[in-house]
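These notes are about the structure you will find just below.
Derivation of every value follows stated rules applied to the coordinates shown; laboratory data play no part. All values derive from a computational prediction rather than experimental measurement. Positions of Cβ are backbone-derived with ideal geometry, glycine not excepted, and every protein chain shown enters the neighbour counts.
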Amino acid sequence: MMRRIIIAGNWKMNKTYSESEEFLSEMANFTETKDLKNVDVVICTPALYLKLATGFAAKSKIFIGAQNVSNFDFGAYTGEISAPMLKAIECSFCIIGHSERRKYFGDTDDLVNAKLKILQQNKIIPIVCIGETLEEREAGITEDVVVNQLEGAFRNITVNNDVVIAYEPVWAIGTGKTATPAQAQEIHSLIRSWLIENYNHEIAENMSILYGGSVKPDNIRELLIQPDIDGGLIGGASLDMGKMKEMINIAVEL
Ligand code: 13P
């Protein structure tokens, strides 16, 4: 089985309802008339727009992802959204462990692990984000940080082609600084080796490992041609229809 290439947009906390509707409608039309080959297009919208978004997904080739999920099923957890709720509206993916959640909302590896489990139980594909800060890179501990995050997120988790990993160096997010293709490939290869050691060759080979951090039309090609980079988790550039189409076209043509 060839692993899938995933072009995933993470809108973060951006776009109004009507801007979302306009974007999703155009993206649905764009993908509908296109042979996407082995490329999956995923749009991760704010929670408020997920139902609208999955409506467009049902009529097209795009997939929809949430940006976060509760580690609980149901109950008295004010402000939270659960995996069964996401499942009920046919949300296919969910980002967990994004560095912004870790930094501003206290998401820990244990929480990421619990969220991973609950998403699997509900058949939603987690996009597990990991990545080092600038200080950690400069201290020469990038590999330790990444392996620790993997061990934390995947503790007691069985994987069966139902998880995606995104390597997002924190210093490259929203800064315009991208890891060089060689820097990114080095960590992607480390992640794949970790998967071989902790799971097996087949699981490692089939898992899509995305790169995130200032991905844009200008640099996506060089990133995607790396042997262990299987797509992008794209923030800023995913808000722009023209750039998103361009990046999808590049991925499809590779
Ligand atoms: P940017 O593409 O804006 O750097 O954001 C990356 C990211 O955090 C995607 O999840």
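So the values come out like this:
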quantity: Under 10 Å, Cβ to Cβ, from Leu210 - net charge with Lys/Arg +1 and Asp/Glu -1; calculated: -2
quantity: Interchain or long-range residues, amide H under 5 Å from Cys94's placed H; calculated: Ala66, Ile125, Ile127
quantity: Lysines whose Cα lies under 21 Å from that of Lys51, excluding same-chain neighbours fewer than 8 positions away; calculated: Lys12, Lys15, Lys59, Lys61, Lys87, Lys115, Lys123
quantity: Electrostatic dipole magnitude of segment 86-131 [Cβ: Lys, Arg +1; Asp, Glu -1; Cα centre; debye, to 20]; calculated: 80 debye
quantity: From the C-alpha gyration tensor of the chain, square roots of 5λ in Å; calculated: 25, 22, 18
quantity: ³J(HN,Hα), Karplus 6.51/-1.76/1.60, whole Hz, each residue of segment 172-189, x for Gly, Pro; calculated: 9, 7, x, 9, x, 8, 9, 4, 5, x, 5, 5, 5, 4, 4, 6, 4, 5
quantity: Euclidean distance between Cα centres, segment 169-203 to segment 101-167, Å; calculated: 12 Å
quantity: Dipole-positive endmost among Ala47, Leu239, Gly97 within the chain (Cβ charges, Cα centre); calculated: Ala47
quantity: Calculated [θ] (222 nm, deg cm²/dmol) that DSSP helices of n ≥ 4 give over the chain, each run adding -39,500 (n - 2.57); calculated: -13000 deg cm²/dmol
quantity: Radius of gyration and maximum dimension Dmax of segment 106-226, Cα, Å; calculated: 14.2, 39
quantity: Among beta bridges that DSSP assigns inside the chain, antiparallel share in %, nearest 5; calculated: 0 percent
quantity: Equivalent ellipsoid dimensions for segment 4-105 as semi-axes, Å, which come from the Cα gyration tensor, largest first; calculated: 24, 14, 14
quantity: Given charges at beta-carbon only (K, R positive; D, E negative), |dipole| of the chain in Debye; calculated: 660 debye
quantity: Cβ-defined net charge surrounding Asn122, 15 Å radius [Lys, Arg +1; Asp, Glu -1]; calculated: 0
